[in-house]
1. What are the residue pairs meeting all of these: first residue in the range 161-172, first residue free of Cβ contacts under 8 Å to residues at least 40 places away in the same chain, second residue part of a helix (DSSP H, G or I) and surrounded by 15 or more Cβ atoms within 10 Å (Cβ to Cβ), Cβ atoms under 7 Å, and 6 or more apart or on different chains?
2. Between residues in the range 408-428 that are without any contact (Cβ under 8 Å) to a residue 60 or more places away in the chain and residues that are of a type outside the set (Gly, Ala, Ser), which pairs lie under 6 Å by C-beta distance while being six or more apart or on different chains?
3. I'd like to check something: does the range 106-123 contain any residue that is crowded, with 23+ Cβ neighbours inside 10 Å, modelled with pLDDT of 70 or more, of a type outside the set (Gly, Ala, Ser) and not in a helix (DSSP H, G or I)?
4. Would a scan of the range 275-293 turn up a residue that is at pLDDT 70 or above, more than 33 Å from the chain's Cα centre (by Cα), surrounded by fewer than 20 Cβ atoms within 10 Å (Cβ to Cβ) and closer than 16 Å to residue 334 by Cα?
5. Which ones in the range 61-105 are surrounded by fewer than 17 Cβ atoms within 10 Å (Cβ to Cβ) and under 22 Å from residue 7 (Cβ atoms)?
6. Among the numbered conditions (1) at pLDDT 75 or above; (2) surrounded by 15 or more Cβ atoms within 10 Å (Cβ to Cβ), tell me where residue 408 comes up short.
7. Those residues that are part of a helix (DSSP H, G or I) and at pLDDT below 80, I need them from the range 158-188; list them, please.
8. Output the residues belonging to the range 17-57 that are farther than 20 Å from residue 110 by Cα, buried (at least 18 other Cβ atoms within 10 Å of the Cβ) and in contact with a Leu (Cβ under 7 Å, 6 or more places away or on another chain).
Amino acid sequence: MIANVLDTEETICAVASAPSGAARGIVRVSGPAALSVVAKLLVSDEPFPERMGKRIEGVFQLPAPLGDVAGAALLWPTEKSYTGQPAAELHLPGCLPLLDAAVEALVHAGARPARPGEFTLRAFLAGRLDLTQAEAVLGVIDADDQQSLQFALHQLAGGLSEPLQDIRLELLGLLSHLEAGLDFVEEDIEFISTQELVESLGSIQSRLLAVQQQMSSRVSSKDLPLIVLRGRPNVGKSRLLNALSGEEAAIVADIAGTTRDSVQVVCQLNGHTVCLTDTAGLEEGRNPIEREAQQLAAGIEQHATIRVFCSDRPETESTLLASADSIPTVWVKTKSDLGGGGTPAESGWLETSSETGSGIETLRSELAELLDQSTAGELKGIAGTAARCADSLQRGLVALDDAVTIAVGEGGQELVAAEMRFALAAIGEVTGEVYTDDILDRIFSRFCIGK
């Protein structure tokens, strides 16, 4: 999608108001030919502006049987618009067929239908927004309670990007002093002392950590992709959860039925922030507590983004394999270090051992690939920002920590400067100074058309 929409020389149009009847509806147009395209529809006694934004009342000539429809156009003839290029908004009666007819007329006049998120993408490319603010636009649209709306508005106003920009500018200034000293190393001129460098890096690291914690606190587990571990009792689900999360989150014992309530942990899987959940082992409940545990596990499973079905004896699970539903499922043979029945590659079972670590990274990669496929349109604005940025901010913190370690150990200012550049690149990935088509595609494909 992004490869096509990065060409901002095309004029685009779309319905921008909500897909429901209303007193007024909005059709948005952006691109070099925006005003000339609108001029082919709008009949008005008022002249079109050349420099300043202007509202014009008139009649829009729409395809039959609609004919002439009274309305107004807001026109921005220069780059001083939201998208950073000539733009217009058509304000018409909020009848959906009428708005669709206006888009059809604009396309006939030379525009093309906009793709999801294309207006906000153009605003980003024009420097009107950074990536975190672009995602906040989606957060405002998707907000389903007052708290979510306030978080999104705060982020849109720069509540996340401003601290990161301040950190980035301070780090750039520090790096410039350090590199200036490298240019005069033979003259024994010191632009910044080691003590000053270490103190400044420590301060920057603390502020970046505060931003990371702020982002994490705004995302609850309900906003994240849910990976549910299922399987019979005592097959190693809890050990697998601990191995995947890198934490001792679940109690591990050789006694069947150790897990009754679900155990949840928010963790990183190859750049994805997920909620990993261990559930009670599949069995017939022998008492009310066990039956309630089974009902709880089944209810959680229904909301799973991905299910990981665990078994230490896959050859006995043919019935479950045959009855698999639509939830994306990874079939995992646990305890492969203990041997047991064979699991040929064509069977679809992935062999792992939480004891030795065998197969764990392969499982992580497979889960990440499924997450790429299944969550592209699910994350909301604020959760999407946290999920996208978690890995970048962590890499930035690690680079700053390495820079401090090298500086204290007098390992050479060239190496300190290299780590500082790594940190700058990581922060730039968050705000958008550094981006790839893949990053843009992940963000803007979540938008609806017209935004």
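1. Listed by first residue and then by second, the contacts come to 170/204.
2. Listed by first residue and then by second, the contacts come to 415/406; 419/402; 425/434; 426/395.
3. Checking the range 106-123: not a single residue is crowded, with 23+ Cβ neighbours inside 10 Å, modelled with pLDDT of 70 or more, of a type outside the set (Gly, Ala, Ser) and not in a helix (DSSP H, G or I).
4. The answer is yes, given that some residue of the range 275-293 is at pLDDT 70 or above, more than 33 Å from the chain's Cα centre (by Cα), surrounded by fewer than 20 Cβ atoms within 10 Å (Cβ to Cβ) and closer than 16 Å to residue 334 by Cα.
5. The answer is 78, 79, 80.
6. Single failed check for residue 408: (2).
7. 161, 179, 180, 181, 182, 183, 185, 186, 187, listed by residue number.
8. Answer for the range 17-57, where residues must be farther than 20 Å from residue 110 by Cα, buried (at least 18 other Cβ atoms within 10 Å of the Cβ) and in contact with a Leu (Cβ under 7 Å, 6 or more places away or on another chain): 25, 56.
The values are calculated or read from the model by the stated rules, or taken from the named source; none is laboratory data. Because the structure is a prediction, the values reported are computed rather than measured. A quick note on method: Cβ atoms are made from the backbone with ideal geometry, for glycine too, and the neighbour counts reach across all protein chains shown.
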